[in-house]
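Visitor: My questions will all concern the structure given below.
What follows draws every value from the coordinates through simple rules; no lab data is involved. The structure displayed is predicted, hence computed values, not measured ones. When we count neighbours, we look across all protein chains shown, and the Cβ atoms used for this are built from the backbone with ideal geometry, even at glycine.
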Amino acid sequence: MKAFAAGVIAALGLAGLALADGPAGHVYEIGIPSAELTYTTTFHEDGSMTNSLGQEGSWAFEDGVLCITAGEEPLCNPFEPTDVGESMTTTEWSADGSEMTITRIE
């Protein structure tokens, strides 16, 4: 389970935050069916992030790419901001390619 969460936190802090279109101040629920795991991740406006599993990291958003760092290497992927209640299902944010659903809840 930690590997899944770390994938998102590695998904869900680099310089150059472009806060206007990024996840700043937003909270997302991440569901990973294969691990029977659901948790929330909060993207703080200062470029830090925390989740309900007690993990911390940092994030940066620039030119449509979100980079999340929780360990030594950032995980970067294209990111399109969503409205509250909107979801996307992806395998790009998990450490092992497992499918996850990411829903903006705040």
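Visitor: With 10 angstrom as the radius, rank THR38, THR103, THR91 by how many other C-beta atoms surround their C-beta, starting from the fewest.
Guide: So the ranking, lowest neighbour count to highest, is THR91, THR38, THR103.
Visitor: What is the order of TRP93, TRP59, fewest Cβ neighbours within 10 Å to most?
Guide: Listing TRP93, TRP59 from fewest to most nearby Cβ atoms yields TRP93, TRP59.
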